[in-house]
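Since the structure comes first, as structure tokens, the remarks are kept for the end.
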Amino acid sequence: LDKLIATFTFQPSDFKNITWDTYKLVGADQLYRLSQKWPNVTSPSHLISLMHDEVLARLEGRLKGLALDEEVQARVYDLPVQEQIRLFGEVVNPHDEDEERALALTYLMDQCKTIFADALQNRWVDIDAIARRLINPSGANSLEWMYLYMLITGASERNVRYVFIDEVQDYTEAQLYIISQYYPCAHFLLLGDPSQAILENTATFS
């Protein structure tokens, strides 16, 4: 995978639509065109980091536009009273179009919390499609998928300082390698007993 990523370039099929309900918020075609904005960037993870903030900005801008949609505004009025109080602190009674738009945007931001969480983790990149193209037409196993996701998006957890792994005799070299790459700044304590291994082809203690 490291060798494959060295010559990797994005294709249109490597991105997914960001959608909510029946609405397309950011299209895969838009994401691909955005990826072409930096033609001299060859590292996929660097390119994704450059795209990241702009994707979030486009997503937020699209929701602001949707807040003007009459159907979306009608959904606010149709909310149960308890839900209106949860979202807005009171039963809705807007006095003008600006208040209607503000209420609709609050509603949309609440509805799209999971979508924003996924976008923060760059889930608009279609790792499954990339895996089918690079690894196997039938897709990747879980270990391949995780490492490919890390290589493509640069995913890691740099704030963790200590990682403790128990029963380490049941981990493979590949699993331990990926864990070490995901926590690049951590100190590791690995505890196990080679005579208690229950799996084959795991890492040796040496």
For P(r) over Cα pairs in 5 Å bins from 0, in percent, which listed value, (1) 1, 7, 15, 19, 18, 15, 12, 7, 4, 1, 0, 0; (2) 1, 5, 10, 13, 12, 11, 9, 7, 6, 5, 4, 3, 3, 3, 2, 2, 2, 1, 1, 0, 0, 0; (3) 1, 6, 12, 13, 13, 12, 10, 9, 9, 7, 4, 2, 1, 0, 0, comes from the coordinates shown?
(3)
7 Å from Cα along Cα→Cβ at both Leu189 and Gln111: what's the point-to-point distance in nm?
4.9 nm
Using a 1.4 Å probe over the heavy atoms of the protein chains, calculate the carbon and sulfur portion of the accessible area of the stretch 3-57 as a whole percent.
52 percent
Under 5 Å between amide H atoms, partner at least 5 residues away or on a different chain: which partners does Val26 have, H built in plane at 1.01 Å?
Ile18
I need the phi-derived Karplus couplings for the stretch 95-108: 6.51 cos²θ - 1.76 cosθ + 1.60, θ = phi - 60°, integer Hz, Gly and Pro marked x.
9, 7, 5, 5, 5, 4, 5, 5, 5, 5, 5, 4, 4, 5
Two pseudo-spin positions, 7 Å from Cα along C-beta at Arg86 and at Arg132, lie apart in nanometres by 3.7 nm
As a percent rounded to 5, the proportion of antiparallel DSSP bridges among beta bridges in the chain is 50 percent
Can you give the extra length, in nm with one decimal, that the chain gains between Arg75 and Asp21 once fully stretched, where that is 0.36 nm per residue apart less the Cα-Cα distance?
18.2 nm
Add -39500 (n - 2.57) for each DSSP H run of 4 or more in the chain, then divide by its residues: what number comes out at 222 nm, to the nearest 500 deg cm²/dmol?
-15500 deg cm²/dmol
Provide the gained length on full extension for the span Ser49 to Gln121, in nm with one decimal, where the gain is 0.36 nm per separating residue minus the Cα-Cα distance.
24.9 nm
Can you tell me the length gained on complete extension of the stretch Lys64 to Leu1, counting 0.36 nm per residue apart and subtracting the Cα distance?
18.7 nm
Loop-located GluC sites (Glu not before Pro) in the stretch 1-91, at most 12 other Cβ atoms within 10 Å (DSSP)
Glu90
Accessible area (Å², per residue) of the chain, counting only protein heavy atoms and a probe of 1.4 Å:
61 Å²
The stretch 150-190 versus the stretch 17-92: alpha-carbon centroid distance in Å:
33 Å
For the stretch 66-113: rounded, prolate or oblate by the Cα gyration tensor [a/c cutoff 1.5]
oblate
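The values are calculated or read from the model by the stated rules, or taken from the named source; none is laboratory data. Because the structure is predicted, anything quoted here is derived from the model rather than measured. Note that we place each Cβ from the backbone using ideal geometry, even for glycine, and neighbour counts take in every protein chain shown. The area values use the complete protein model at the heavy-atom level, side chains included, leaving out ligands, DNA and RNA. Shrake-Rupley method; radii C 1.70, N 1.55, O 1.52, S 1.80 Å.
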